[in-house]
Each structure stands twice: as structure tokens, then as C-alpha cells.
């Protein structure tokens with residue numbers, strides 16, 4: 001049986017892995033359709049193909065799960081994507097809101113030797129420019145203690161280590177208020193009315209952030 005995969009099939013495996021990381025309940029066709037912005041019937045057709053190639057186990061009413069082989073491919077794609085994002089920001093001076101679409105293309109390069117050399121060239125980074133962990137060649141991920149910014153207690157200090165929303169609009173907004181990975185913050189107050197927060201930065205600036213913004217920023221308590 002031919003197990004070679006198209007770019008579209010690889011993208012499905014990556015999406016399923018990300019859904020698996022984000023939730024504990026069974027992954028449905030609709031979950032995948034919503035994440036990939038694809039009609040549910042098209043998703044069902046693709047899942048049948050992936051099941052035939054032994055990349056997933058799929059039962060119509062019991063959800064989707066990657067097989068060992070499917071999981072290995074998904075982690076490889078995620079690894080390549082995040083390494084390319086590091087390369088693009090660190091070596092080619094792309095902004096963090098510019099790299100996702102380019103990395104989406106580069107992640108489908110098949111050469112393991114190229115990716116291993118890329119990782120070594122970059123100094124074996126553990127996290128990408130958005131704070132997401134980079135799997136190693138065996139698919140292992142370094143787990144870091146982090147919480148959402150809005151979960152900090154009053155007067156608690158922390159450092160920004162990642163973002164949940166990696167869309168260009170959100171990242172450009174963070175740039176406009178000078179918040180980035182590595183920024184040190186202190187929780188000053190939570191507004192009871194709408195759960196907006198006030199934070200203080202190391203340069204003594206104070207910022208008010210909406211609940212939507214604060215729950216899309218990950219911090220590591222100092």
C-alpha cells in the first residue's frame with residue numbers, strides 16, 4: 001500500500017495533533033473542519049483516505065486518533081515549521097507576525113538531514129518565536145510551566161513566554177503596545193466589571209489589557 005502523503009494530507013495530520021494537544025475529549029469531524037475552515041463532508045473524505053494509509057484510526061461516532069506513524073509525521077511537521085520560524089526571525093530578520101505562512105510552505109521539505117543541520121545551526125532552540133515548544137528529532141517536547149496572563153494574582157510578577165493567538169493582527173497589536181516574549185510584567189489590578197487587567201512593566205509603564213488579550217498571553221511566574 002502507498003503511504004506517501006500529499007501536502008493536504010500532512011496538514012490534516014498536523015491539525016489532528018494540535019487538537020489532540022488542546023483537548024482531552026474525542027476529536028470529531030466538526031472539530032477538524034472548524035480548525036481548518038473546511039466543509040465537514042470534505043473532512044470525512046480525507047479521514048477515510050488517511051485511515052486507509054494507516055495514519056489515523058477513525059470511527060464515525062467515536063472520533064479520530066493518530067496512529068503511531070501518523071503521530072511521528074505530525075510531530076516532524078510541527079518541528080520543521082517551528083525551526084523554520086526561528087530561522088526566519090533570527091537569521092533573516094522577519095517579524096514574528098510574518099513567518100507563519102512562509103513556514104507553512106517550508107515544513108513540507110522532506111530532507112531530514114537538512115532539518116537536523118538547521119537545528120544544529122540554530123543552536124537547538126527549544127521554543128519558536130511565539131513561545132511554542134519545538135519537538136526534538138524523536139518527537140519529545142520540553143514542557144514549561146506557564147499560565148495565562150489573566151491568571152496572575154495581584155502584585156505577582158512574571159515574564160511573557162508565549163502567545164495563544166499567533167495571528168498577524170494580534171501579534172501586530174502586541175508590537176504596538178511593546179509587549180513581546182521576555183517582557184517582565186507585574187499584575188496590579190483586575191477590573192471586576194469586565195475582567196480587564198492593569199499590569200506594570202519593568203520600565204514602570206502601566207497598561208490596561210482586555211480579558212481577551214490577557215487570556216491569549218502566556219507567562220511564567222517569576
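A short reminder: the numbers here are calculations on the coordinates, not readings from a lab. Since the model is a prediction, treat every value here as computed from it, not as a measurement. Using ideal geometry, Cβ is built from the backbone for each residue, glycine included, and neighbour counts are taken over all protein chains shown.
Quick notes on this structure:
- Taking the longest Cα principal axis of the chain as reference, the axis of helix 40-52 is set at about 60 degrees.
- Here the alpha carbons of the chain define both size measures, Rg and Dmax, at 19.4, 63 Å.
- Extension gain for residue 48-residue 21 works out to 7.5 nm (0.36 nm per residue, less the C-alpha to C-alpha distance).
- Global geometry of the range 7-66, whether rounded, prolate or oblate, following the gyration tensor of its Cα atoms and the 1.5 cut on a/c: rounded
- Residues residue 7 and residue 60, FRET efficiency given R0 of 30 Å [Cβ-Cβ distance, rounded to 0.05]: 0.70
- Relative contact order [Cα under 8 Å, 6+ residues apart], the range 147-221, whole percent: 45
- Extension gain for the segment residue 121 to residue 30, taken as residue separation times 0.36 nm less the Cα-Cα distance, is 28.8 nm to one decimal.
- Residue 220-residue 95 pseudo-label distance in nm [points 7 Å out on the Cα-to-Cβ vector]: 2.6
- Nearest 10 degrees, 0 to 90: helix 112-121 Cα axis against the chain principal axis: 20
- Model label points for residue 145 and residue 104, set 7 angstrom from Cα along the Cα-to-Cβ axis, are 3.6 nm apart.
- Relative contact order, percent, the range 1-76 [alpha-carbon distance under 8 Å, six or more residues apart]: 36
- Here the range 198-222 is scanned for amide nitrogen atoms under 18 Å from the site 7 Å beyond the Cα of residue 189 along Cα-to-Cβ, giving 198-201, 204-211, 214.
- Tensor-based shape of the range 156-203 (alpha-carbon gyration tensor, a/c under 1.5 rounded, otherwise prolate or oblate): oblate
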